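Scroll down for the structure; my scribbles are underneath it.
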Amino acid sequence: MSSLSGDKKHYNEWIANITVEKYAADATFYVYIFLGDFTPEPSLWGEDLNLVGTHVVFANNMNFTGCENCRDAAEAHKLVTGTIPLTGALGDKLGNDHVLEPAEVVPYLKKELHWRIQGHDNRVIERADMPSLKVSVAHIKVAIPTSLGEFPEWSTGEKAPEVTTGRAGGATEND
(Lines give C-alpha, C1' and ligand atoms only; values in the text may rest on other atoms or scores of the structure.)
Protein backbone atom coordinates (compact mmCIF):
# COMPACT_ATOMS: atom_id res chain seq x y z
CA MET A 1 0.00 0.00 0.00
CA SER A 2 1.38 3.39 -0.85
CA SER A 3 2.07 5.69 2.06
CA LEU A 4 -0.02 8.72 2.87
CA SER A 5 1.25 12.16 3.84
CA GLY A 6 2.52 12.62 7.38
CA ASP A 7 0.52 11.56 10.38
CA LYS A 8 -2.92 12.52 9.11
CA LYS A 9 -5.89 10.71 10.52
CA HIS A 10 -7.16 8.05 8.17
CA TYR A 11 -9.82 5.44 7.67
CA ASN A 12 -10.24 2.54 5.26
CA GLU A 13 -12.77 2.67 2.45
CA TRP A 14 -14.23 -0.80 1.76
CA ILE A 15 -15.95 -1.93 -1.45
CA ALA A 16 -17.50 -5.06 -2.91
CA ASN A 17 -16.74 -5.48 -6.60
CA ILE A 18 -19.00 -7.55 -8.83
CA THR A 19 -18.03 -9.04 -12.18
CA VAL A 20 -20.45 -11.20 -14.17
CA GLU A 21 -21.43 -12.03 -17.73
CA LYS A 22 -24.09 -9.58 -18.87
CA TYR A 23 -26.30 -12.31 -20.32
CA ALA A 24 -25.66 -14.92 -17.61
CA ALA A 25 -29.39 -15.04 -16.78
CA ASP A 26 -30.62 -14.45 -20.35
CA ALA A 27 -32.40 -11.30 -19.09
CA THR A 28 -32.10 -8.56 -16.45
CA PHE A 29 -31.05 -9.75 -12.99
CA TYR A 30 -30.05 -8.38 -9.59
CA VAL A 31 -27.07 -9.11 -7.33
CA TYR A 32 -27.91 -8.21 -3.73
CA ILE A 33 -25.13 -7.54 -1.20
CA PHE A 34 -25.92 -7.98 2.51
CA LEU A 35 -24.02 -7.44 5.76
CA GLY A 36 -25.48 -9.76 8.37
CA ASP A 37 -28.47 -12.07 8.35
CA PHE A 38 -31.17 -11.36 5.81
CA THR A 39 -34.68 -12.57 5.16
CA PRO A 40 -34.99 -15.96 3.47
CA GLU A 41 -37.94 -14.51 1.50
CA PRO A 42 -36.49 -13.37 -1.86
CA SER A 43 -39.39 -11.03 -2.59
CA LEU A 44 -38.29 -8.96 0.44
CA TRP A 45 -34.54 -8.80 -0.30
CA GLY A 46 -34.83 -5.33 -1.83
CA GLU A 47 -36.09 -3.87 1.44
CA ASP A 48 -34.09 -5.95 3.92
CA LEU A 49 -32.51 -3.91 6.72
CA ASN A 50 -29.14 -5.60 6.13
CA LEU A 51 -29.12 -4.90 2.39
CA VAL A 52 -26.05 -2.79 1.59
CA GLY A 53 -26.65 -2.41 -2.13
CA THR A 54 -27.93 -3.94 -5.32
CA HIS A 55 -26.15 -4.25 -8.64
CA VAL A 56 -28.67 -4.44 -11.47
CA VAL A 57 -27.52 -6.00 -14.74
CA PHE A 58 -29.79 -4.69 -17.47
CA ALA A 59 -29.98 -7.20 -20.33
CA ASN A 60 -32.46 -7.90 -23.09
CA ASN A 61 -34.34 -11.15 -22.77
CA MET A 62 -32.33 -13.42 -25.03
CA ASN A 63 -35.39 -15.61 -25.73
CA PHE A 64 -37.23 -12.74 -27.42
CA THR A 65 -34.77 -10.11 -28.59
CA GLY A 66 -33.89 -9.42 -32.19
CA CYS A 67 -30.85 -7.41 -31.08
CA GLU A 68 -27.88 -8.81 -33.00
CA ASN A 69 -25.37 -6.87 -30.86
CA CYS A 70 -26.91 -8.45 -27.77
CA ARG A 71 -26.58 -11.94 -29.24
CA ASP A 72 -22.96 -11.25 -30.21
CA ALA A 73 -22.20 -9.99 -26.69
CA ALA A 74 -23.82 -13.07 -25.15
CA GLU A 75 -21.83 -15.40 -27.41
CA ALA A 76 -18.64 -13.47 -26.54
CA HIS A 77 -19.42 -13.79 -22.79
CA LYS A 78 -19.26 -10.00 -22.34
CA LEU A 79 -18.51 -9.08 -18.72
CA VAL A 80 -20.02 -6.19 -16.79
CA THR A 81 -18.88 -4.83 -13.45
CA GLY A 82 -20.30 -2.94 -10.52
CA THR A 83 -19.17 -1.70 -7.13
CA ILE A 84 -21.10 -1.54 -3.88
CA PRO A 85 -19.60 0.70 -1.15
CA LEU A 86 -19.42 -1.12 2.20
CA THR A 87 -17.86 1.58 4.39
CA GLY A 88 -21.06 3.24 5.60
CA ALA A 89 -22.69 -0.06 6.48
CA LEU A 90 -19.52 -1.24 8.23
CA GLY A 91 -19.51 1.97 10.28
CA ASP A 92 -23.14 1.37 11.22
CA LYS A 93 -22.41 -2.22 12.24
CA LEU A 94 -19.03 -1.77 13.94
CA GLY A 95 -19.32 1.81 15.18
CA ASN A 96 -18.45 5.03 13.41
CA ASP A 97 -15.41 5.60 15.62
CA HIS A 98 -13.54 2.74 13.93
CA VAL A 99 -10.95 3.32 11.20
CA LEU A 100 -12.01 -0.05 9.77
CA GLU A 101 -8.61 -1.70 9.72
CA PRO A 102 -8.32 -5.00 7.82
CA ALA A 103 -7.49 -6.95 11.00
CA GLU A 104 -10.94 -6.03 12.33
CA VAL A 105 -12.98 -5.93 9.12
CA VAL A 106 -11.79 -9.04 7.24
CA PRO A 107 -12.96 -11.54 9.91
CA TYR A 108 -16.27 -9.67 10.16
CA LEU A 109 -16.80 -9.74 6.38
CA LYS A 110 -15.87 -13.42 6.14
CA LYS A 111 -18.76 -14.13 8.49
CA GLU A 112 -21.29 -11.42 7.60
CA LEU A 113 -20.90 -10.54 3.88
CA HIS A 114 -23.50 -12.36 1.76
CA TRP A 115 -24.69 -12.07 -1.83
CA ARG A 116 -27.66 -13.48 -3.66
CA ILE A 117 -28.99 -13.34 -7.22
CA GLN A 118 -32.54 -12.81 -8.38
CA GLY A 119 -33.97 -12.71 -11.89
CA HIS A 120 -36.22 -9.92 -13.16
CA ASP A 121 -39.12 -12.34 -12.64
CA ASN A 122 -38.25 -12.69 -8.91
CA ARG A 123 -36.93 -16.22 -9.28
CA VAL A 124 -33.84 -17.01 -7.22
CA ILE A 125 -30.76 -17.86 -9.24
CA GLU A 126 -28.40 -20.07 -7.30
CA ARG A 127 -24.88 -18.68 -7.14
CA ALA A 128 -23.47 -22.01 -8.30
CA ASP A 129 -25.64 -21.75 -11.42
CA MET A 130 -23.92 -18.50 -12.46
CA PRO A 131 -20.24 -19.47 -12.75
CA SER A 132 -19.19 -16.12 -14.23
CA LEU A 133 -20.22 -14.28 -11.04
CA LYS A 134 -17.22 -13.08 -9.04
CA VAL A 135 -17.72 -10.97 -5.93
CA SER A 136 -14.52 -9.55 -4.45
CA VAL A 137 -13.65 -7.16 -1.65
CA ALA A 138 -11.01 -4.44 -1.55
CA HIS A 139 -10.02 -1.64 0.78
CA ILE A 140 -8.27 1.68 0.29
CA LYS A 141 -6.61 3.73 3.03
CA VAL A 142 -7.82 7.34 2.91
CA ALA A 143 -6.14 10.25 4.71
CA ILE A 144 -8.68 12.72 6.04
CA PRO A 145 -8.03 16.37 5.06
CA THR A 146 -7.04 18.72 7.85
CA SER A 147 -8.62 21.77 6.21
CA LEU A 148 -11.42 22.62 3.78
CA GLY A 149 -8.86 23.51 1.11
CA GLU A 150 -7.48 19.95 0.98
CA PHE A 151 -8.71 16.81 -0.68
CA PRO A 152 -8.63 13.32 0.82
CA GLU A 153 -5.52 11.36 -0.14
CA TRP A 154 -6.23 7.88 -1.44
CA SER A 155 -3.61 5.16 -1.32
CA THR A 156 -3.39 2.18 -3.62
CA GLY A 157 -6.19 -0.31 -3.02
CA GLU A 158 -5.63 -3.80 -1.71
CA LYS A 159 -7.72 -6.88 -2.38
CA ALA A 160 -9.00 -9.02 0.49
CA PRO A 161 -9.50 -12.36 -1.32
CA GLU A 162 -9.79 -14.28 1.94
CA VAL A 163 -13.27 -12.77 2.38
CA THR A 164 -14.75 -14.43 -0.72
CA THR A 165 -12.44 -17.33 -1.64
CA GLY A 166 -14.14 -20.72 -1.44
CA ARG A 167 -17.68 -19.32 -1.52
CA ALA A 168 -20.10 -19.76 -4.42
CA GLY A 169 -19.70 -16.70 -6.64
CA GLY A 170 -16.72 -15.50 -4.65
CA ALA A 171 -13.54 -14.28 -6.30
CA THR A 172 -10.20 -15.81 -5.44
CA GLU A 173 -6.76 -14.24 -5.28
CA ASN A 174 -6.29 -15.09 -8.96
CA ASP A 175 -9.52 -13.45 -10.18
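The values are calculated or read from the model by the stated rules, or taken from the named source; none is laboratory data. This is a predicted model, so every value here is computed, not measured. Here the Cβ positions follow ideal geometry from the backbone for every residue, glycine too, while neighbour counts run over all protein chains shown. In case anyone asks, the SASA skips ligands and DNA or RNA and just uses the protein heavy atoms, side chains included. Shrake-Rupley method; radii C 1.70, N 1.55, O 1.52, S 1.80 Å.
Within the chain, what whole-number % of the accessible surface is contributed by carbon and sulfur, with the 1.4 Å probe and all protein chains included in the calculation? So the carbon and sulfur contribution to the accessible surface is 51 percent.
Taking 20 Å as the limit for the C-alpha separation, the pairs Lys134/Lys159; Lys22/Lys111; Lys78/Lys141; Lys78/Lys134; Lys22/Lys134; Lys8/Lys111 exceed it in the case of Lys22/Lys111; Lys78/Lys141; Lys8/Lys111. Length gained on full extension, Ala103 to Thr165: 20.6 nm, using 0.36 nm per residue less the C-alpha separation.
The charge dipole of the range 56-109, taken about its Cα centre with unit charges on the Cβ of Lys, Arg, Asp and Glu (plus for the first two, minus for the last two), comes to roughly 200 debye. Derived scalar couplings between HN and Hα for the range 130-144 equal 10, x, 6, 5, 9, 9, 10, 10, 9, 9, 9, 6, 10, 7, 7 Hz in order, rounded to whole Hz, by the Karplus curve 6.51 cos²θ - 1.76 cosθ + 1.60 (θ = phi - 60°), x for Gly and Pro.
For Arg71 and Asp92, what is the calculated FRET efficiency with R₀ set at 35 Å and r taken between the beta-carbons, to the nearest 0.05? The computed FRET efficiency comes out at 0.20.
Leaving out ligands and nucleic acids, and using a 1.4 Å probe, what accessible area per residue does the range 1-151 come to in Å²? That works out to 54 Å² for each residue.
All Cα-Cα distances of the chain, cut into 10 Å bins from zero to the largest, leave 9, 33, 31, 18, 8, 1 percent in each bin in turn.
Springs join every pair of Cα atoms under 10 Å in this Gaussian network model of the chain, and among Glu153, Glu162, Glu68 the largest mean-square fluctuation is at Glu68.
Using C-alpha pairs under 8 Å with a sequence gap of at least 6, the mean separation divided by the residue count of the range 68-175 gives a relative contact order of 20 percent.
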